[in-house]
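Colleague: One structure, pasted below without further comment.
The values are calculated or read from the model by the stated rules, or taken from the named source; none is laboratory data. From a predicted model like this one, the values you see are computed outputs, not experimental measurements. Please note: Cβ atoms are built from the backbone with ideal geometry, for glycine as well, and neighbour counts cover all protein chains shown.
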Amino acid sequence: MGSRNADRIPLSDRYLLGRNVVDMYERRWEVISHCLACGLNMAVDLRLVARVSGPATSLWNRTARCRRIGCAGRVEFQAKAPGMTGYEPLRTHDQPDRPGWAQQQLAKRAAAEAAEHAARRRGPSPAGGHDDA
Ligand SMILES: [Zn+2]
């Protein structure tokens, strides 16, 4: 049909189509969790996630604890959109509205402020390590 081959489109290019679990469910994405330590793959029930965590829940750039007993690993989420031949990690970069982005920025700012506070509390300590004379 002259259109792009579906499995040539990287999953990250589909980010806007499947931003949250409801989008993914409606577009019939198959989502799994994949443990980076033990390799356990489990199907993710998108409807269940939507019901438990809310329809706006996003699995992009998320990890969770592995559910296998005795495994301390983390799982990442992978998805397969219709037409794709395999699962790809739900990872995306440079999306300003990507999940966690705002929280990350806030956390960074909070950390910077905390460091500044700590530095101020410590005062101009000679043992501060700044030795640029
Ligand atoms: Zn595991």
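Colleague: Scan the stretch 54-88 residue by residue and report those that are more than 9 Å from the ligand (Cβ to nearest atom), in a strand (DSSP E or B) and farther than 13 Å from W29 by Cβ. So that I can check it myself, show each step before the final result.
Modeller: Narrowing the stretch 54-88 to residues more than 9 Å from the ligand (Cβ to nearest atom): 54-64, 69, 76-88.
Those still in the list that are in a strand (DSSP E or B) too: 63-64, 76-80, 88.
If the condition is that a residue be more than 9 Å from the ligand (Cβ to nearest atom), in a strand (DSSP E or B) and farther than 13 Å from W29 by Cβ, then T63, A64, E76 are the ones that fit.
Colleague: Starting from residues that are assigned to a helix (DSSP H, G or I) and free of Cβ contacts under 8 Å to residues at least 40 places away in the same chain, keep the ones in the stretch 6-44 and report whichever is farthest from S58 (Cα to Cα).
Modeller: To start, the set of residues in the stretch 6-44 that are assigned to a helix (DSSP H, G or I) comprises 6-8, 11-17, 21-26.
From the residues that got through so far, the ones that are free of Cβ contacts under 8 Å to residues at least 40 places away in the same chain too are 8, 13, 16, 21-23, 25-26.
On the way: R8: 23, D13: 16, L16: 11, V21: 6, V22: 9, D23: 10, Y25: 12, E26: 14 Å.
Out of the qualifying residues, it is R8.
Colleague: Name every residue in the stretch 114-133 that is at pLDDT below 85 and surrounded by 10 or more Cβ atoms within 10 Å (Cβ to Cβ), in order of residue number.
Modeller: R122, G128 - these are the residues of the stretch 114-133 that are at pLDDT below 85 and surrounded by 10 or more Cβ atoms within 10 Å (Cβ to Cβ).
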